[in-house]
1. I need a count of the residues in the range 87-113 that are more than 13 Å from Ala145 (Cα to Cα) and either among the β-branched types (Val, Ile, Thr) or at pLDDT below 75 (or both).
2. Suppose the filter is surrounded by 20 or more Cβ atoms within 10 Å (Cβ to Cβ) and either at pLDDT below 85 or touching a strand residue (DSSP E or B) at 6+ places or on another chain (Cβ under 7 Å) (or both); does Leu158 pass it?
3. Scan the range 101-129 and report the pairs whose first residue is in contact (Cβ under 8 Å) with a residue 40 or more places away in the chain and assigned to a helix (DSSP H, G or I) and whose second residue is surrounded by 18 or more Cβ atoms within 10 Å (Cβ to Cβ) and charged (D, E, K, R), with Cβ atoms within less than 8 Å and a gap of 6+ or a chain change.
4. Which of the residues spanning the range 40-62 are crowded, with 20+ Cβ neighbours inside 10 Å and either modelled with pLDDT under 85 or not hydroxyl-bearing (Ser, Thr, Tyr) (or both)?
5. For the range 114-155, give me each residue that is modelled with pLDDT of 85 or more and acidic (Asp, Glu).
Amino acid sequence: MTVKEYNISVDEYSDNLFRFALKHLRNEMSANDMVQETFTKVWIKHEEVSYEKVKSYLFTTAYHAIVDWVKKEGRSGDIEYTEEQGENPSINFNLKEVLEEALERLPEVQKSVVLLRDYEGYNYNEIAEITGLSEAQVKVYIFRARKALKTYIKRLDLVI
């Protein structure tokens with residue numbers, strides 16, 4: 001990849017990477033750091049990375065950096081086993097906030113595949129390449145994540 005192609009990839013994909021990192025980390029500074037770290041790693045290997053595959057390489061690098069950060073910080077959760085927080089939901093709740101909270105309760109791998117599929121628009125094969133999972137595993141994780149999200153949102157419907 002040339003310097004010009006690298007600069008083009010920064011322009012094209014930095015916002016998408018930031019959004020992806022922010023959904024995982026829920027902290028703008030950490031998400032910015034993650035994007036910076038990802039582009040730094042790509043720059044170090046820019047001679048080995050093909051411009052045609054840079055998007056996949058960027059998201060794969062970001063995914064692995066996020067997983068490492070989550071492991072280091074111990075921030076993963078499980079929607080099925082997390083205790084209810086007892087928050088009193090407002091009648092005027094925001095669906096976006098509800099979805100973000102539900103996503104935050106998912107295990108990290110499920111959260112990643114759902115974000116890549118539903119927010120970033122990757123197909124199953126591309127997600128498998130990015131995460132290092134098989135295509136069948138990706139489909140299973142997406143199914144389980146969507147099921148858990150649906151269950152969580154239904155619980156809120158009962159409360160409201």
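The values are calculated or read from the model by the stated rules, or taken from the named source; none is laboratory data. The structure presented is a predicted model; accordingly, all values stated were derived computationally and were not measured. So basically every Cβ, Gly included, is an ideal-geometry build from the backbone, and we count neighbours across all protein chains shown.
1. Matching residues across the range 87-113 total 11.
2. On the way: surrounded by 20 or more Cβ atoms within 10 Å (Cβ to Cβ): no; either at pLDDT below 85 or touching a strand residue (DSSP E or B) at 6+ places or on another chain (Cβ under 7 Å) (or both): yes.
Here the answer is no, as Leu158 does not meet what is asked.
3. Within 8 Å, the pairs are Leu103/Lys23; Leu103/Lys111; Glu104/Lys111; Lys111/Lys23; Leu115/Lys23; Leu116/Glu126; Tyr119/Lys23.
4. First pass over the range 40-62, keeping only residues crowded, with 20+ Cβ neighbours inside 10 Å: 42, 49, 54, 57-59, 61-62.
Across the range 40-62, the qualifying residues are Val42, Val49, Val54, Leu58, Phe59, Ala62.
5. Glu126, Glu129, Glu135
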